[in-house]
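Engineer: Questions regarding the structure given below will be posed in turn.
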There are 2 protein chains.
Amino acid sequence: MSKEATPDHPVHRYISARWSPYAFSPRLIPREDLFSIFEAARWAASSFNEQPWRYLVASRDRTEDFEKILSCLLEGNQTWAREVPTLALGCIKTSFTHNGRFNRVAQHDLGLASATLTFEATSRGVYVHQMAGIRPGKAREVFSIPDGFEAVTALALGYRADAGAGAPELRARDEGSRTRRPQSEFVFGAEWGKPGLGST
Amino acid sequence: MSKEATPDHPVHRYISARWSPYAFSPRLIPREDLFSIFEAARWAASSFNEQPWRYLVASRDRTEDFEKILSCLLEGNQTWAREVPTLALGCIKTSFTHNGRFNRVAQHDLGLASATLTFEATSRGVYVHQMAGIRPGKAREVFSIPDGFEAVTALALGYRADAGAGAPELRARDEGSRTRRPQSEFVFGAEWGKPGLGST
């Protein structure tokens, strides 16, 4: 079945085609594509151009590094993420470099960067499955993440499993259509809770 | 001068073309485009599909609503943002709906949504200038934002000012090239601080 979004208003195909698979093909992502994917993150917007995002990245052919990242995921995510071609941890610098003060939007700006890399990935046929289910303390230990930085998310990157390939229980998790609340429930106008752009 | 990014690796043109102007054309954004722009946010990824993002949106032709959003920005942002065609506040729901627990990545997921809408905007010739410089308490008061939700960012949306049009001091702020730290400083591999994808 199709995992295409069913938008109420037209959106770019790289937005409607994006979703978060559990079953991935074992095929590795060429290094040039990974460079372009993280290059996209590089050009995201950030408060004071701080660029608070940092990524720890390992592909499965670097077994030891890959296992290090895998060990930082919650158990439930480890079961499927051990099959993906590339894993990353999304980390932030928690203070501003220009004045040392707390960066209230560091995590938000990591989100901007990760969505931007996801867009570039989608344009290259690469799917990204982001996870909040990680163990930040374990990541700090395994990678000696210094004070002032912290791991926030994990990202699995790769190609979709071929039809019929991959573990059936993973393929089964990828069934079901994508659902979202309508715009009237999150785009407000003059008043909180009241639709902002008129009736759709 | 060109504000195109100067990437070290090729990225999609909607990524290299994105930047955050201060000077905007007064031209309003057609409602159909605004619908598609916020539709893009709708289809972003989020932890547990919580979709914690909420947007308060007003265009300049709705003077009273527009002024309400404007009043929630820090002074320095009000000076230029009063000229933009559409303003929005990016807000979050701070807890999960399915279990009431704190959503550690709500702000991150607002970032995913805002980057996704920015991509759709760019594809339609619309620029987005995001701001962390807002007054969350003022926003709560002006819009009666309920407990459990909070304003995190503001977004200005519109078209670029025509050459020679707009206030010269705003146009001047848009000069200068875009700079970013190299990938070697934010994409790490087996060790924190050591480049992850090899030499560029």
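The values are calculated or read from the model by the stated rules, or taken from the named source; none is laboratory data. On a predicted model such as this, the values are computed, not experimentally measured, just so you know. When we count neighbours, we look across all protein chains shown, and the Cβ atoms used for this are built from the backbone with ideal geometry, even at glycine.
Conditions (1) among the charged types (D, E, K, R); (2) within 26 Å of residue A:44 (Cα to Cα); (3) crowded, with 20+ Cβ neighbours inside 10 Å, marked per residue:
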site	(1), (2), (3)
B:99	no, no, no
B:119	no, yes, yes
B:122	no, yes, yes
B:140	yes, no, no
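Per-residue answers, yes or no, for (1) in contact (Cβ under 8 Å) with a residue 24 or more places away in the chain; (2) at the interface with chain A (Cβ under 8 Å from one of its Cβ atoms); (3) in contact with a Leu (Cβ under 7 Å, 6 or more places away or on another chain):
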{"position": "B:11", "(1), (2), (3)": "no, yes, no"}
{"position": "B:28", "(1), (2), (3)": "yes, no, no"}
{"position": "B:33", "(1), (2), (3)": "yes, no, no"}
{"position": "B:46", "(1), (2), (3)": "yes, no, yes"}
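Engineer: When you go through (1) at the interface with chain A (Cβ under 8 Å from one of its Cβ atoms); (2) closer than 27 Å to residue A:119 by Cβ; (3) touching a strand residue (DSSP E or B) at 6+ places or on another chain (Cβ under 8 Å); (4) among the charged types (D, E, K, R) one by one for residue B:68, which number turns out not to apply?
Structural biologist: The number of the failed condition is (2).
Engineer: Any idea which residue in region A:119-150 is nearest to the other protein chains (Cβ to nearest Cβ), counting only those that are closer than 17 Å to residue A:19 by Cβ, small (Gly, Ala, Ser) and assigned to a loop (DSSP other than H, G, I, E, B)?
Structural biologist: So in region A:119-150, the residues closer than 17 Å to residue A:19 by Cβ come out as A:119-132.
So of that shortlist, the ones also small (Gly, Ala, Ser) come out as A:121, A:123, A:125, A:132.
Filter once more, keeping what is assigned to a loop (DSSP other than H, G, I, E, B): A:125, A:132.
Numbers: A:125: 13, A:132: 4 Å.
Residue satisfying both the conditions and the ranking: A:132.
Engineer: Applying the selection to region A:68-109, what residues are aliphatic (A, V, I, L, M) and farther than 27 Å from residue A:4 by Cβ?
Structural biologist: So in region A:68-109, the residues aliphatic (A, V, I, L, M) come out as A:69-70, A:73-74, A:81, A:84, A:87-89, A:92, A:105-106.
Within region A:68-109, A:69, A:70, A:73, A:74, A:89, A:92, A:105, A:106 qualify.
Engineer: Here is a follow-up. Which residues, taken from region A:14-33, are farther than 24 Å from residue A:136 by Cα and either buried (at least 21 other Cβ atoms within 10 Å of the Cβ) or within 18 Å of the chain's Cα centre (by Cα) (or both)? First the steps, then the outcome.
Structural biologist: As a first pass, look at region A:14-33 and keep what is farther than 24 Å from residue A:136 by Cα: A:14-19, A:23-33.
Selection gives A:14, A:15, A:16, A:17, A:18, A:19, A:23, A:24, A:25, A:28, A:29, A:33.
Engineer: Something else about it: Given the conditions (1) over 22 Å from residue A:10 (Cα atoms); (2) in contact (Cβ under 8 Å) with a residue 60 or more places away in the chain; (3) not in a loop (DSSP other than H, G, I, E, B), which single one is not true for residue A:175?
Structural biologist: Answer for residue A:175: the failing condition is (3).
Engineer: Residues of region A:46-91 being hydrophobic (A, V, I, L, M, F, W, C), more than 15 Å from the chain's Cα centre (by Cα) and not in a helix (DSSP H, G or I), which ones?
Structural biologist: Correct list: A:72, A:74.
Engineer: Quick check on my filter: what residues within region B:34-50 are of a type outside the set (A, V, I, L, M, F, W, C), within 26 Å of residue A:51 (Cβ to Cβ) and buried (at least 21 other Cβ atoms within 10 Å of the Cβ)? Spell out the reasoning first.
Structural biologist: The initial filter retains those residues of region B:34-50 that are of a type outside the set (A, V, I, L, M, F, W, C), namely B:36, B:39, B:42, B:46-47, B:49-50.
Remaining after also requiring within 26 Å of residue A:51 (Cβ to Cβ): B:46-47.
If the condition is that a residue be of a type outside the set (A, V, I, L, M, F, W, C), within 26 Å of residue A:51 (Cβ to Cβ) and buried (at least 21 other Cβ atoms within 10 Å of the Cβ), then B:46 is the only one that fits.
Engineer: Just give me the residues in region B:95-118 being without any contact (Cβ under 8 Å) to a residue 12 or more places away in the chain, farther than 16 Å from residue A:109 by Cβ and not in a loop (DSSP other than H, G, I, E, B), in sequence order.
Structural biologist: The one that is without any contact (Cβ under 8 Å) to a residue 12 or more places away in the chain, farther than 16 Å from residue A:109 by Cβ and not in a loop (DSSP other than H, G, I, E, B): B:102.
Engineer: Considering only residues that are part of a loop (DSSP other than H, G, I, E, B) and out of contact with any Phe, Trp or Tyr (no Cβ under 8 Å at 6 or more places or on another chain), look in region B:13-26 and name the one that is nearest to the other protein chains (Cβ to nearest Cβ).
Structural biologist: Residues of region B:13-26 that are part of a loop (DSSP other than H, G, I, E, B), as a first pass: B:17-23, B:25-26.
From what is left, the residues that are out of contact with any Phe, Trp or Tyr (no Cβ under 8 Å at 6 or more places or on another chain) are B:17, B:26.
On the way: B:17: 10, B:26: 20 Å.
Filtering region B:13-26 for residues that are part of a loop (DSSP other than H, G, I, E, B) and out of contact with any Phe, Trp or Tyr (no Cβ under 8 Å at 6 or more places or on another chain), the one nearest to the other protein chains (Cβ to nearest Cβ) comes out as B:17.
Engineer: Taking the residues in region A:158-200 that are of a type in the set (A, V, I, L, M), in contact with a strand residue (DSSP E or B) (Cβ under 9 Å, 6 or more places away or on another chain) and more than 12 Å from every other protein chain (Cβ to nearest Cβ) as candidates, determine which candidate is farthest from residue A:124 (Cα to Cα).
Structural biologist: Restricting attention to region A:158-200, the residues satisfying the condition of being of a type in the set (A, V, I, L, M) are A:161, A:163, A:165, A:167, A:170, A:172, A:187, A:190, A:197.
Filter once more, keeping what is in contact with a strand residue (DSSP E or B) (Cβ under 9 Å, 6 or more places away or on another chain): A:161, A:170, A:187, A:190, A:197.
Keeping just the survivors that are more than 12 Å from every other protein chain (Cβ to nearest Cβ) gives A:161, A:170.
Working: A:161: 15, A:170: 23 Å.
My answer is A:170.
Residue-wise test of (1) assigned to a loop (DSSP other than H, G, I, E, B); (2) acidic (Asp, Glu); (3) buried (at least 20 other Cβ atoms within 10 Å of the Cβ).
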site: A:152; (1), (2), (3): no, no, yes
site: A:169; (1), (2), (3): no, yes, no
site: A:179; (1), (2), (3): yes, no, no
site: A:184; (1), (2), (3): no, no, no
site: A:192; (1), (2), (3): yes, no, no
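Engineer: Follow-up. If you go through region B:134-180 one residue at a time, how many are among the aliphatic types (A, V, I, L, M) and at pLDDT below 90? Can you show your working first?
Structural biologist: Step one: of region B:134-180, the residues among the aliphatic types (A, V, I, L, M) are B:134, B:139, B:142, B:145, B:151-152, B:154-157, B:161, B:163, B:165, B:167, B:170, B:172.
Adding the requirement that they be at pLDDT below 90 leaves B:161, B:163, B:165, B:167, B:170, B:172.
Final tally of qualifying residues: 6.
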